[in-house]
1. For Cα pairs less than 8 Å apart in space and 6+ apart in sequence, what is the mean separation divided by the residue count of the stretch 48-352, i.e. the relative contact order in percent?
2. In the chain, which whole DSSP H runs stretch at least 27 Å along their own axis (Cα) and average 0.5 or higher on the Kyte-Doolittle scale?
3. Given a Förster distance of 41 Å, report the FRET efficiency between residue 46 and residue 199 from their Cβ-Cβ distance, rounded to the nearest 0.05.
4. Hey, quick one: spin label on residue 206, modelled 7 Å out along Cα-Cβ, who in the stretch 123-145 has an amide N within reach, i.e. under 19 Å?
5. Once you put a point 7 Å from the Cα of residue 35 and another 7 Å from the Cα of residue 359, both along the Cβ direction, what distance in nm separates them?
6. Just for the stretch 48-352, what percent of DSSP beta bridges are antiparallel, to the closest 5?
7. Which far-off residues, 5 or more places away or on another chain, put their amide H under 5 Å from the one on residue 252, with H placed in the peptide plane?
8. Sorted by packing (mean other beta-carbon atoms within 10 Å per residue), highest first, where do 309-318, 40-49 land?
Amino acid sequence: MKIYKEQIEEHNHQHEKQHQRQFDFLAETLENQGIDVEKIIQKLSNFQIAIPSWALGTGGTRFGRFAGGGEPRNLEEKIEDIGLLHSLNRSSGAISLHIPWDIPENADFIKSYASSFGIAFDAVNSNTFQDQKNQLHSYKFGSLSHASRDTRRQAIEHNIEVIKHGEALGSKAITVWLADGSCFPAQQNFRKALQRTLESLQEIYAHLPADWQLFIEYKPYEPNFYSTVIQDWGTSFLLANKLGHQAFTLVDLGHHLPNTNIEQIVATLMMEGKLGGFHFNDSKYGDDDLTVGCMKPYQLFLIFNELVEGMEDKNTKNPYPAWMIDASHNVKDPLEDLLQSVEAIKIAYAQALLVNRAELSDIQDNNDTVKAQEMMQNVFRTDVRPLLAEARRRANAATNPLELFRKLNMREKLIGERGKLTMATGL
Ligand code: PSV
Ligand code: MN
C-alpha cells in the first residue's frame with residue numbers, strides 16, 4: 001500500500017491558503033522576536049524519529065487484546081506501514097527491530113526494500129524477557145543476571161546474534177532492556193545479580209563493532225514487582241561507565257516512578273556525555289505506553305528544553321541521541337497513534353528551539369523565578385504547528401498527515417489487503 005505524490009499534492013493544494021495564512025502570521029511574529037524561522041524549519045526537516053517494529057499492531061494488556069484489523073503480517077508489511085507514515089510526515093525514516101519478533105530472513109533484500117521507502121535501520125533490540133520455542137534455558141528468573149552460568153551464556157549469545165542481524169541491516173546500536181529482577185523480598189541477592197549483569201554486559205560489549213553504541217535501558221518495575229536489576233538511570237549510568245565509551249544510558253519516558261523529574265535526568269546524563277537514546281511515550285500512572293504528549297505535554301517540552309540546551313552547548317560532549325517511539329496500547333489505530341506521537345515530539349522540539357537561551361541564562365543567573373515561568377509558558381503556549389506543516393510541505397509530505405490518512409481510507413484499504421484478523425508480532 002502506497003500513498004502517491006499526487007494525492008499528497010492535492011491534499012496540500014486544498015489546504016494551501018489557510019496554511020499560508022497561518023504560517024505567515026507565525027513566521028512574522030517569531031521573526032519580530034529575533035528568531036530565525038528558516039533555521040528552525042531546517043532543523044525540523046532533519047529530525048527523524050524511529051518507529052519500533054512492534055508498535056504497528058494493536059497492543060494488548062494481560063486482560064485482552066482487541067485486534068484493529070489490517071495489521072502487518074510480516075516484516076515487509078511492517079516496513080510498508082512505516083513507509084506510509086514516512087510519506088505522510090517525512091519524519092519517520094527509520095525502523096527499530098526487536099529480535100526474535102522480527103528476524104530478517106534475507107537481510108540484503110529487507111535492507112533494500114526498506115531503503116526503497118527511504119527507511120534506515122535504527123537500534124536493534126534484544127529480547128531476553130520471553131522464552132522462545134525450543135529454548136534450552138528459561139528466563140523466568142532472569143537472563144544476563146541469572147544465577148546459572150548456562151542461562152547467562154545463552155542470553156549473552158542471543159545479544160551477540162542480535163548485533164550480527166543489526167550489522168547486516170546497517171544498524172549502529174543495540175538496546176538492551178532486561179526484565180531481570182525479583183518479585184519478592186529476599187528472592188535475589190541484589191549485589192550478586194548486578195555484578196553478574198555487569199559481567200554479562202562486558203561480554204556483549206566485547207563483541208560490539210567499533211562504530212556501534214550499546215544502550216542500556218532502565219525500568220523500576222514490571223514484569224518484576226519487587227526489584228529490577230537495572231532499576232534507574234543511576235544504575236544504567238554506572239554500568240555504561242564501567243563498560244566504556246561506546247555504552248550509554250537510554251531513557252524511556254514510561255520507566256519512572258510518578259513525578260520523577262525526567263528533564264533533570266536528561267541534563268545530568270548530557271553533562272556526562274552518556275545520554276544515548278530516547279523511547280518516547282506518555283503515561284498517567286506508570287509504563288502506560290500511551291501516545292506521546294497526550295497526558296503531560298508540558299513535561300515533554302521541558303525535557304526537550306534540556307535536550308536542545310545540551311545539544312546546542314558546545315561544551316557538552318554528548319553524541320546525538322537516537323530517537324524512538326516506544327508506545328503501543330489497545331484502543332487506537334496504531335498508525336494514527338504514531339502520527340500523533342511524531343507530531344507531539346516535533347511540537348515539543350520546535351518549542352524548545354524557540355527558547356532564547358541567552359535570555360533564559362540571564363533570568364536563571366538573576367534568580368528571577370517569575371520571569372522564568374513567564375518565558376517558558378509563553379513559548380509552550382505558542383502554536384508552532386504551522387512550522388511543522390511548512391517543513392512537511394517543503395519535503396513533499398502532507399501538511400495534515402492524519403487528515404489525509406483518514407481521507408484516503410488507509411485503514412480500510414489495509415484491511416482489504418491483509419484481512420481483519422491479522423496479528424502483528426510483538427507483545
Ligand atoms: C520495556 O517496557 C520496553 O520499554 C523495552 O524498550 C522493550 O524493548 C519494549 O518496551 C518492549 O515492548
Ligand atoms: Mn522502551
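1. Working: 605 pairs, mean separation 53.8, N = 305.
RCO, the stretch 48-352: 18 percent.
2. Working: long enough: 5-32 (36 Å, -1.98); 149-169 (30 Å, -0.99); 334-354 (30 Å, 0.68).
Membrane-span-like by this criterion, though nothing is claimed about a membrane: 334-354.
3. Working: r = 39 Å, r/R0 = 0.96.
According to the calculation, E is roughly 0.55.
4. Answer for the stretch 123-145: 144-145.
5. Each label point is offset 7 Å from its Cα along the Cβ direction, giving 1.0 nm.
6. 15 percent
7. Long-range HN contacts for residue 252: 218, 279.
8. Packing order, densest peptide first, comes out as 40-49, 309-318.
Computed from the coordinates by the stated procedures, all read-outs in this text should not be read as laboratory data. Everything quoted here is computed from the prediction, not taken from an experiment. Cβ coordinates were reconstructed from backbone atoms using ideal geometry, including for glycine residues, and neighbour counts include every protein chain displayed.
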